[in-house]
Amino acid sequence: NVNAGTIGLCDSRDLVTAANIRIESTLPVLAFYSGVATYTTDGRALIPITSEDWFGVGSAAMYVVAGSTGSSTTWYDSNSLSATLTLTNANVGSRTVQGNQGTAPAFKLVNSQMISAIQYRDSDGAEQTTFAPLTELGTRFGSPNAGDYIAVASPYSDANCSTYSSADALVQNVPTGTGQNGIYKYFLGTNTAANWYMICDKPV
């Protein structure tokens with residue numbers, strides 16, 4: 001329990017021995033996770049759980065967790081595979097050994113109740129990123145940091161994504177995604193230099 005009576009309170013907890021964590025709040029909060037153990041060194045914001053369709057590109061593993069009501073979650077990937085996960089608030093569904101450095105497929109998760117999902121543990125053993133629900137998808141992205149790769153998931157087959165350098169020079173264009181059944185992957189290369197941005201014609 002956290003008493004957030006103080007404006008601007010930041011509560012930091014060591015949850016390294018915990019399994020699945022659920023945060024409930026009477027007022028809106030911003031939650032962030034970072035880890036120091038092997039395979040969890042990168043941080044990420046926690047997107048609020050929702051029963052919307054979730055999208056993301058996998059890695060060595062994809063993990064899905066449900067809220068207190070559980071969920072029947074069916075995943076579809078851009079390689080035409082699918083399966084259903086029966087989740088409770090005490091277990092995590094996963095799909096592992098998919099590929100590294102952006103070679104894993106993109107995923108769409110269709111849910112009966114609220115969930116959250118991430119990709120985790122790429123070939124260097126460090127990074128993780130959150131998947132995103134449909135309403136969180138966008139068309140413009142960028143970072144001041146270099147990246148190992150840029151891999152994009154979208155419900156659209158013709159999102160036409162382009163990456164640019166800080167000098168506004170086109171680095172790569174991928175006009176159409178690979179996949180079917182409402183999940184398409186766009187791979188925009190490896191070893192992306194710092195200060196890049198990406199523009200897509202449709203949400204990704």
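The values are calculated or read from the model by the stated rules, or taken from the named source; none is laboratory data. Everything numeric in this text was worked out from a predicted model, so none of it was measured. For neighbour counting, all protein chains shown are included, and Cβ atoms are generated from backbone atoms with ideal geometry for every residue, glycine included. Side chains are part of the model used for accessible areas, which takes the heavy atoms of the whole protein and leaves out ligands, DNA and RNA. Shrake-Rupley method; radii C 1.70, N 1.55, O 1.52, S 1.80 Å.
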### Task
Kindly check whether there is at least one residue in the stretch 132-142 that is modelled with pLDDT under 90 and open to solvent by 50 Å² or more (accessible area, probe 1.4 Å).
no
### Summary
Selection from the stretch 119-131 of residues closer than 30 Å to residue 68 by Cα and open to solvent by 20 Å² or more (accessible area, probe 1.4 Å) yields 120, 121, 126, 127, 129, 130
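Here is a list: 83, 146. Which entry is open to solvent by 20 Å² or more (accessible area, probe 1.4 Å), without any contact (Cβ under 8 Å) to a residue 40 or more places away in the chain and among the small types (Gly, Ala, Ser)?
Working: 146 fails: without any contact (Cβ under 8 Å) to a residue 40 or more places away in the chain.
After applying the criteria, what remains is 83.
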### Task
Determine whether the stretch 170-182 contains at least one residue that is surrounded by fewer than 16 Cβ atoms within 10 Å (Cβ to Cβ) and either without any contact (Cβ under 8 Å) to a residue 12 or more places away in the chain or under 19 Å from residue 45 (Cβ atoms) (or both).
yes
#### Entry: Members of the stretch 54-77 found to be in a loop (DSSP other than H, G, I, E, B) and surrounded by fewer than 17 Cβ atoms within 10 Å (Cβ to Cβ), listed by number
68, 69
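If you take the residues of the stretch 82-102 that are of a type in the set (Ser, Thr, Tyr) and assigned to a strand (DSSP E or B), which of them is farthest from residue 123 (Cα to Cα)?
Here the residue is 86.
Residues are listed down the side, and each one gets a yes or a no for (1) of a type outside the set (Phe, Trp, Tyr); (2) more than 13 Å from residue 62 (Cα to Cα):
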position: 105; (1), (2): yes, no
position: 108; (1), (2): yes, no
position: 120; (1), (2): no, no
position: 129; (1), (2): yes, no
position: 133; (1), (2): yes, yes
position: 138; (1), (2): yes, yes
position: 142; (1), (2): yes, yes
position: 152; (1), (2): yes, yes
